[in-house]
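Notes for the one structure printed next.
The values are calculated or read from the model by the stated rules, or taken from the named source; none is laboratory data. None of these values were measured; they are calculated from a predicted model. Neighbour counts run over all protein chains shown; Cβ positions are idealised from the backbone, glycine included. Heavy atoms of the whole protein, side chains included, go into the accessibility calculation; ligands, DNA and RNA do not. Shrake-Rupley method; radii C 1.70, N 1.55, O 1.52, S 1.80 Å.
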Amino acid sequence: MKTKTLVVARTSKKVSKLKIIRYVLLIGTVATLLMALSGCETYDSSSAKQVAEKPLPLKVYHQAGEDDLTIVFAPEGYLAEDMAQFRKEVELACEMLRQTKPFAYCMNHINLYAIELASTDSVTAFGLETPKPDQVFAPVQMDSIKQLMKRLPCAVEKTVLVIMANVKDSYLGYTLVSEPCERMSIPETAVIQSLFSYNPTVLLHEVGGHAIGLLADEYGSDTALDDESRTELLNYQERGLFQNVSVSDNTPSWQWMLGDDDFSAEGMGIFEGGYGCAEGILRSTQNSVMRHHTLRTDFTPYQRYLIYSRIERVHSGREVSYAEWKTIDLAYQQPPVDFAAITGNRRSQTHATGDYDRNDVVIVKE
């Protein structure tokens with residue numbers, strides 16, 4: 001089965017969306033799966049063939065049900081002596097989801113698991129190469145990810161794979177999103193930097209927003225949406241992806257929420273910029289964790305609605321009405337979360353720039 005893949009990225013360098021896509025597609029998909037037997041055992045190249053045939057044991061961090069969305073955390077580049085750190089990072093990731101709306105009121109429909117396999121050298125446990133200091137991304141091998149998914153005791157089409165890479169400065173994170181309209185040969189996959197080496201809220205951006213919510217309201221360049229990208233986006237939206245952005249000459253899909261006084265304090269509106277472009281595309285708020293994860297840690301009302309709806313579709317197959325979601329969302333009174341206090345990471349503001357105040361054009365539609 002062929003599965004189209006789109007890359008949505010947040011990197012430490014300004015790279016256009018199309019360049020990112022071309023970069024990742026040019027990466028070879030020829031690596032063989034390099035796995036360990038179980039637990040914290042390490043990879044041995046001489047036993048790769050036998051290892052590939054064995055199922056992977058999963059450590060349970062939160063249990064819902066077999067019909068629910070499953071998030072699987074996998075370590076990359078963690079040596080045996082680093083596995084205690086990996087476990088702490090998984091616990092941190094789980095806690096961040098528990099304290100963030102809408103995940104905070106969706107946990108009864110989310111499984112949280114982890115694979116504990118240590119690496120031995122620069123060839124990591126899952127067949128990825130350690131990124132060089134000047135590389136934006138770690139080279140992801142699609143064949144390795146596919147083989148990994150075959151060994152998981154959970155439904156691929158309901159699984160989000162989160163690869164935590166134990167690197168320092170090469171990249172922040174990116175997400176590979178598969179079409180959800182057919183049984184996936186690979187799942188939505190988020191690759192993020194070690195949560196202890198960068199601001200941990202990148203997890204909310206990549207895993208919560210891109211991989212689970214299928215959100216696209218970010219931009220990282222000054223370009224306008226061109227015809228090729230417009231056609232690409234519309235095709236994806238027909239398949240249910242990236243519903244929280246709209247091309248500039250269309251009525252935004254969230255317009256029906258703009259007159260709701262219950263969410264007026266959260267700044268809902270129509271703003272220009274998204275899908276990797278600064279012009280020609282619209283989003284619903286000026287800022288959010290999706291636009292810049294070191295300045296904001298929250299999801300906006302429309303983002304929360306889409307995330308909750310996706311989780312419920314995975315669980316039951318049914319569509320959630322706006323009224324049903326609104327009742328649940330308003331009933332959950334969540335105080336502001338100080339993630340810096342939870343994580344011990346106070347670096348976030350050092351990454352803030354004025355870049356995210358530009359091109360904030362409010363579009364008024366009659």
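In a residue-by-residue description of the range 218-226, the property of being crowded, with 17+ Cβ neighbours inside 10 Å, at pLDDT 80 or above, over 25 Å from Gln85 (Cα atoms) and over 14 Å from the mean Cα position of the chain (by Cα) applies to at least one position. If you check Val207, Val247, Val202 for being open to solvent by less than 10 Å² (accessible area, probe 1.4 Å), more than 28 Å from Glu95 (Cβ to Cβ), modelled with pLDDT of 80 or more and not small (Gly, Ala, Ser), only one passes: Val247.
Counting residues in the range 315-334 that are part of a strand (DSSP E or B), touching a residue at least 60 places away in the same chain (Cβ under 8 Å), open to solvent by 10 Å² or more (accessible area, probe 1.4 Å) and out of contact with any helix residue (DSSP H, G or I) (no Cβ under 6 Å at 6 or more places or on another chain) gives zero. Only a single item in (1) at pLDDT 70 or above; (2) of a type in the set (Ser, Thr, Tyr); (3) in contact with a Phe, Trp or Tyr (Cβ under 7 Å, 6 or more places away or on another chain) is not met by Tyr171, and it is number (1). Taken together, the criteria exclude Leu152 from residues that are at pLDDT below 90 and open to solvent by less than 10 Å² (accessible area, probe 1.4 Å). Among the criteria (1) buried (at least 17 other Cβ atoms within 10 Å of the Cβ); (2) at pLDDT below 75, the one Glu182 does not fulfil is (1).
Before we move on, is Ala118 more than 16 Å from Ala211 (Cβ to Cβ) and modelled with pLDDT of 60 or more?
Criteria met by Ala118.
Out of curiosity, is Tyr356 of a type in the set (Ser, Thr, Tyr), modelled with pLDDT of 70 or more and under 22 Å from Ile270 (Cβ atoms)? For Tyr356, the condition - of a type in the set (Ser, Thr, Tyr), modelled with pLDDT of 70 or more and under 22 Å from Ile270 (Cβ atoms) - is not met. Would you confirm, using the coordinates I've provided, whether Leu234 is over 28 Å from Leu69 (Cα atoms), at pLDDT 90 or above, of a type in the set (A, V, I, L, M, F, W, C) and open to solvent by 10 Å² or more (accessible area, probe 1.4 Å)? Taking the combined requirement at face value, the residue does not satisfy it. Name the residues in the range 77-90 that are open to solvent by less than 10 Å² (accessible area, probe 1.4 Å) and either closer than 13 Å to Ala165 by Cβ or assigned to a strand (DSSP E or B) (or both), would you? The answer is Tyr78, Phe86, Glu89. Looking at Arg239, Arg296, just one residue is touching a Ser or Thr at 6+ places or on another chain (Cβ under 6 Å), modelled with pLDDT under 90, charged (D, E, K, R) and open to solvent by 20 Å² or more (accessible area, probe 1.4 Å), and that residue is Arg296.
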